[in-house]
Amino acid sequence: MEIGKENKFVEFIKKYGIYVAVGVVVFAVALTFTLLATLNGSVPTGTGNLQFVMPMENASVIKDYSDTALQKNETLNQWEAHLAVDLASESSDVFAVLDGTVASVDYNYGDGYTITINHSDGFVSIYSSLQEDTAVKEGDNVVAGQKIGSASESSSNELDLGSHLHFTLMLNDDYVDPNDYLSLQAK
């Protein structure tokens with residue numbers, strides 16, 4: 001490279017370099033916000049053929065899903081995100097929402113008796129606050145609508161809600177709002 005051309009390039013960078021750098025940063029930020037807005041507007045699931053069924057018959061939502069607004073947990077006397085939907089019904093029967101395989105049947109003091117089911121397309125459904133005598137065990141294959149257990153008061157984290165189902169839905173390891181897949185608000 002000739003000395004005269006090198007000096008012109010160095011002079012250009014000294015004079016306009018800050019503008020180029022700011023322009024690159026503004027472009028990167030704008031691109032990031034555009035991509036985030038696009039992704040938040042829709043959740044690609046590939047679930048064209050999946051038919052979700054209700055986890056309880058004639059259930060009422062007693063505490064709804066919320067990942068942004070905090071909700072008061074009266075039992076624990078604290079504000080928290082509620083990444084599930086709490087349902088109550090005259091019948092305590094709990095049903096699988098999709099075909100799948102039982103990944104686990106567990107108990108812990110906070111959530112009570114819990115059944116986790118793996119489904120196709122990356123979905124996982126989690127049913128907590130169940131009675132101890134579940135109708136399935138780890139490794140069982142279940143079909144949508146099959147009874148898997150009964151709602152109870154086994155969740156010590158939500159004793160104030162009484163007998164209920166604490167229903168969580170995940171997609172590709174992320175919590176999702178069950179209202180997007182089930183007709184809960186009509187109940």
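Residue by residue, here is whether (1) buried (at least 18 other Cβ atoms within 10 Å of the Cβ); (2) touching a Lys or Arg at 6+ places or on another chain (Cβ under 6 Å); (3) of a type outside the set (D, E, K, R); (4) closer than 19 Å to D177 by Cβ holds:
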position: L50; (1), (2), (3), (4): no, no, yes, yes
position: E74; (1), (2), (3), (4): no, no, no, no
position: E80; (1), (2), (3), (4): no, no, no, yes
position: A84; (1), (2), (3), (4): yes, no, yes, yes
position: V97; (1), (2), (3), (4): yes, no, yes, yes
Breaking point among (1) buried (at least 16 other Cβ atoms within 10 Å of the Cβ); (2) in contact with a helix residue (DSSP H, G or I) (Cβ under 6 Å, 6 or more places away or on another chain), for Y109: (1)
Segment 143-167, residues that are assigned to a strand (DSSP E or B), more than 16 Å from D106 (Cβ to Cβ) and among the aliphatic types (A, V, I, L, M): A151
Members of segment 48-95 found to be over 22 Å from A135 (Cβ atoms), β-branched (V, I, T) and part of a strand (DSSP E or B), listed by number: V61, I62, T68
Criterion violated by K147 - all others in (1) at pLDDT 95 or above; (2) surrounded by 19 or more Cβ atoms within 10 Å (Cβ to Cβ); (3) not polar (S, T, N, Q) satisfied: (2)
Count of segment 94-141 residues which are modelled with pLDDT under 95 and among the aromatic types (F, W, Y): 1
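The values are calculated or read from the model by the stated rules, or taken from the named source; none is laboratory data. For clarity, every value in this text was computed on a predicted model and none was experimentally measured. Reconstructed Cβ throughout: ideal geometry from the backbone, glycine too, with neighbour counts over all protein chains shown.
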